[in-house]
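Written out below as structure tokens is the structure these notes cover.
The values are calculated or read from the model by the stated rules, or taken from the named source; none is laboratory data. Just so it is clear, the model here is predicted, and its values are computed rather than measured. Cβ coordinates were reconstructed from backbone atoms using ideal geometry, including for glycine residues, and neighbour counts include every protein chain displayed. Heads up: the accessible areas ignore ligands, DNA and RNA and are worked out on the full protein's heavy atoms, side chains in. Shrake-Rupley method; radii C 1.70, N 1.55, O 1.52, S 1.80 Å.
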Amino acid sequence: MSYLETTIDVYKEAALTPDVGLCCTTNPIWELPGLKIPKIMQEMNYGCGSTVHARDLTNNPKVLYVGVGGGMELLQFSYFSRQKGGVIGVDVVDEMLEASRKNFKEAEAQNDWFKSEFVDLKKGDAMNLPVEDNSIDVAAQNCLFNIFKEEDLKKAIEEMYRVLKPHGRLVMSDPTCEQPMNETLRNDERLRALCLSGSLPIKDYVKALTDVGFGTIEIRARKPYRILDPKNYPTDELIYIESIEVAAIKDPMPADGPCVFTGKAAIYFGEEEYLDDQNGHILLKNQPIAICDKTASNLAGLGRDDIYISESTFHYDGGGCC
Ligand SMILES: C[S@@+](CC[C@H](N)C(=O)[O-])C[C@H]1O[C@@H](n2cnc3c(N)ncnc32)[C@H](O)[C@@H]1O
């Protein structure tokens, strides 16, 4: 059996018997005015962060969500798109599609504004999406891509890139890990399917996105996720896993490389009113400006003693210019 088949088995089981502890998100289940999340959707929250951000969702976006789980985030996306077929949900596991279909009926009963027809559920594989080229404004996946091995991850990201409109965005949440993991952990199909042993360091995760062509990357959140300890897992050392929320935007790739925003800012505190770096950035005196890592390194390379460059906060929330 391949690890992809094991993954299907794990999520078939999780669809038939909801497992509250399967994934572990520290995010509160957020609700908005008029938005109620049915209990069963909360119990089937198998994500590790949130991919729903109001600022991505202006102008009735066409949304694609891959790996539907219990349907909670598709309901949250529908809150913003509110149109027939406005959210396409794709999953490879029949039982998960069936469970989410049932959960949308429950959501209909609890939310006046919601209709099940707002979500168009399709059977399909992340590596071969049943979706047209350049047709999606916002694509999302939560806690699925970390399961994929390198070649499959590349295909899955290429598929998301293919279906997005120019300047469309791929919004994701996945576990990441900065420590090396041994081969026993890496090759344990069940641990991989459970989102515990496939995660990459943030740098490699970002590279997988930019290699496919996404010109802008935003790291929006980074938080503790899990511990793999020697008593319970095949490891000699304690392994700390985090989860991140990331947006990859289908902007053209800049000639000097991608803009990766990790939450750095520059503050000019020199004698003039502002500093113009002659590279598109005006730094007003004593006003932080969000910058990508490439600009941070260019500004540092100027060797000036009147620019402060902050560390990455991994909490980028817009406002950067590049
Ligand atoms: C960890 S769960 C996450 C579910 C949901 N995103 C959430 O946050 O609750 C992974 C989901 O991906 C689905 N899945 C697994 N392999 C897949 C594949 N190759 N293509 C599409 N969906 C897949 C599973 O059925 C399951 O719904």
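Quick notes on this structure:
- The local environment of residue 199, defined by Cβ-Cβ distances under 9 Å, has a net charge of -2 under the rule Lys, Arg +1 and Asp, Glu -1.
- Positive minus negative residues near residue 229 (Lys, Arg vs Asp, Glu; Cβ under 13 Å): 0
- Antiparallel bridges, percent of DSSP beta bridges restricted to the chain (to nearest 5): 55 percent
- Taking all protein chains as they are arranged and a probe of 1.4 Å, the heavy atoms of residue 188 leave approximately 50 Å² accessible to solvent.
- Protein-only accessible surface at a 1.4 angstrom probe places the residues 207, 285, 122, 294 in the order 207, 285, 122, 294, largest first.
- Around residue 248: net Lys/Arg minus Asp/Glu count, Cβ-Cβ under 9 Å: +1
- Rolling a 1.4 angstrom probe over region 1-115 with all protein chains present gives an accessible area of which 53% lies on carbon and sulfur atoms.
- Computed from point charges on the beta carbon alone (+1 for Lys and Arg, -1 for Asp and Glu), the dipole magnitude for region 110-210 about its Cα centre is near 100 Debye.
- Projecting the Cα positions of 234, 312, 297 onto the charge dipole of region 164-322 (unit charges on Cβ atoms of Lys, Arg, Asp and Glu, taken about the Cα centre) puts 234 furthest along the positive direction.
- A 1.4 Å probe over all protein chains sorts 253, 96, 1 by accessible area into 1, 253, 96, starting with the largest.
- Here the dipole of region 208-290 is about 480 debye; that uses its Cα centre as origin and unit charges on the Cβ of Lys and Arg (positive) and Asp and Glu (negative).
- Accessible area per residue for region 221-287, computed on protein heavy atoms with a 1.4 Å probe, is 54 Å².
- Take every DSSP beta bridge whose two residues both sit in region 115-219; close to 10 percent of them are antiparallel.
- Given a 1.4 Å probe and the protein chains as shown, residue 55 ends up with an accessible area of around 110 Å².
- Spatial separation of Cα centroids for region 230-289 and region 1-75, in angstrom: 28 Å
- Rounded to the nearest 10 Å², the accessible area of residue 30 at probe 1.4 Å: 70 Å²
- Dipole magnitude of the chain about its Cα centre (Cβ charges: Lys, Arg +1; Asp, Glu -1), debye to nearest 20: 760 debye
- Spatially proximal lysines relative to residue 62 (Cα-Cα < 20 Å; intrachain offsets below 8 disregarded): 84, 115, 122, 123, 165, 250
- Max mean-square fluctuation residue, GNM over the chain, Cα-Cα springs under 10 Å, options 185, 302, 275: 302
- Column: log10 I(q)/I(0), Debye, Cα scatterers of the chain, q = 0.07, 0.08, 0.11 Å⁻¹: -0.30, -0.39, -0.71
- 222 nm mean residue ellipticity, helices alone, for the chain (DSSP H n ≥ 4; -39,500 (n - 2.57); rounded to 500): -8000 deg cm²/dmol
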